[in-house]
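Report on the following structure.
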Amino acid sequence: MAHISKSAFVRGIQCTKQLYYYKNNYNQRDALTESQRVSFKRGADVGILAQQLFLGGKDLTPASPWQYKQSANITRHYLQQGDITLYEASFLYDSLYAIMDIVVSTDGSLSLYEVKNTRSVKEQHLLDAAFQYYVINQAGYTINNISIVYPTQNLEDYNGDIPLADLFVMEDITNIVIERQSDIEKSSQYQVDMLSAPAPPVIKIGNQCFKPYACDFMKICWGNSTLENINAIILDDEDKRAVLLGKQILPA
Ligand code: SF4
């Protein structure tokens with residue numbers, strides 16, 4: 001059974017064919033570009049710094065990203081001990097899997113915090129958080145609230161001059177996320193069904209390949225397109241051209 005994590009779910013909303021490749025053709029993904037590498041590193045740095053807003057937590061980062069059940073059982077074990085703060089806690093509901101950046105359990109009710117290296121909450125962050133909320137709620141936990149945590153400035157410019165509490169914003173998105181729960185249920189079920197098909201869905205290349213993130217499988221889909229076809233899709237969009245150059249789909 002293929003498991004769907006939050007990043008897989010968001011990929012599937014962008015393009016179901018991308019999700020199919022992500023689960024079945026993972027080794028054929030495009031090489032990371034330098035800007036992606038930098039972005040992932042910065043994201044990880046922000047996550048670690050944000051943990052200091054909730055001192056004394058237990059780090060439950062899974063030993064392997066594929067030990068879904070074992071990791072979820074470890075989280076359940078700690079949450080049964082009483083009030084506790086957890087970092088990178090895992091949750092499993094059927095084939096849906098969530099790892100939450102920070103979880104604070106108080107009197108049996110959870111406060112969830114998803115850390116993003118952004119300056120404002122964007123649609124893809126809400127989608128991602130709504131999926132996390134759905135999985136954790138369906139796994140049987142009581143959720144008090146869910147927030148996106150993000151820094152107010154670039155961390156490269158941060159030298160410890162202001163307290164961490166002032167460096168980060170915690171934006172409560174509980175009501176928005178609750179409103180989306182039935183959509184998440186329908187979409188995740190559709191994705192589970194789609195993944196059991198013997199072949200990927202037929203989807204042509206287009207603008208969806210760039211938003212909200214550049215797809216990791218553009219070489220498969222765009223690699224055999226003619227220059228004429230590519231130019232007809234990207235028109236004069238320099239950002240899209242830069243993505244295709246970075247992936248060496250367009251010649252330098
Ligand atoms: S390149 Fe485009 S069409 Fe192909 S899987 Fe990615 S998003 Fe879908």
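Quick look at the values:
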item: Segment 204-226, subset under 17 Å from PHE9 (Cβ atoms) and not in a helix (DSSP H, G or I), residue nearest to the ligand (Cβ to nearest atom); result: CYS215
item: Single residue of GLN132, GLN181 found to be within 28 Å of GLN70 (Cα to Cα) and surrounded by fewer than 16 Cβ atoms within 10 Å (Cβ to Cβ); result: GLN181
item: Yes/no for THR174 being open to solvent by 20 Å² or more (accessible area, probe 1.4 Å) and touching a residue at least 24 places away in the same chain (Cβ under 8 Å); result: no
item: The listed residue being within 16 Å of SER111 (Cα to Cα) and crowded, with 18+ Cβ neighbours inside 10 Å, out of LEU60, LEU79; result: LEU79
item: Positions within segment 33-87 being in contact with a Pro (Cβ under 9 Å, 6 or more places away or on another chain), over 27 Å from VAL169 (Cα atoms) and among the hydrophobic types (A, V, I, L, M, F, W, C), in sequence order; result: ILE74
item: Residue identified as closer than 27 Å to ALA214 by Cα and either polar (S, T, N, Q) or not in a helix (DSSP H, G or I) (or both) among ASP128, ASP101, ASP161, ASP183; result: ASP101
item: Test: SER196 is more than 15 Å from the ligand (Cβ to nearest atom) and within 18 Å of the chain's Cα centre (by Cα); result: no
item: Filter pass, LEU96 being assigned by TED's automatic domain parsing to the domain that holds GLU123 and more than 14 Å from the chain's Cα centre (by Cα); result: no
item: Residues of segment 238-247 satisfying the condition of being farther than 29 Å from ILE4 by Cα and either surrounded by 13 or more Cβ atoms within 10 Å (Cβ to Cβ) or within 9 Å of the ligand (Cβ to nearest atom) (or both); result: ARG241, ALA242, LEU245
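Let's see how each residue does on (1) within 16 Å of the ligand (Cβ to nearest atom); (2) assigned to a helix (DSSP H, G or I); (3) within 28 Å of ALA197 (Cα to Cα); (4) touching a residue at least 12 places away in the same chain (Cβ under 8 Å):
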residue: PHE9; (1), (2), (3), (4): yes, yes, yes, yes
residue: GLY12; (1), (2), (3), (4): yes, yes, yes, yes
residue: LYS17; (1), (2), (3), (4): yes, yes, yes, yes
residue: TYR21; (1), (2), (3), (4): yes, yes, yes, yes
residue: ASN27; (1), (2), (3), (4): yes, yes, yes, no
residue: ASP30; (1), (2), (3), (4): yes, no, yes, yes
residue: ILE48; (1), (2), (3), (4): no, yes, no, no
residue: LEU53; (1), (2), (3), (4): no, no, no, yes
residue: GLY56; (1), (2), (3), (4): no, no, no, yes
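The values are calculated or read from the model by the stated rules, or taken from the named source; none is laboratory data. Quick caveat: nothing in here was measured; it's all calculated off a predicted structure. Please note: Cβ atoms are built from the backbone with ideal geometry, for glycine as well, and neighbour counts cover all protein chains shown. All accessible areas refer to the heavy atoms of the entire protein, side chains included, with ligands and DNA or RNA removed. Shrake-Rupley method; radii C 1.70, N 1.55, O 1.52, S 1.80 Å.
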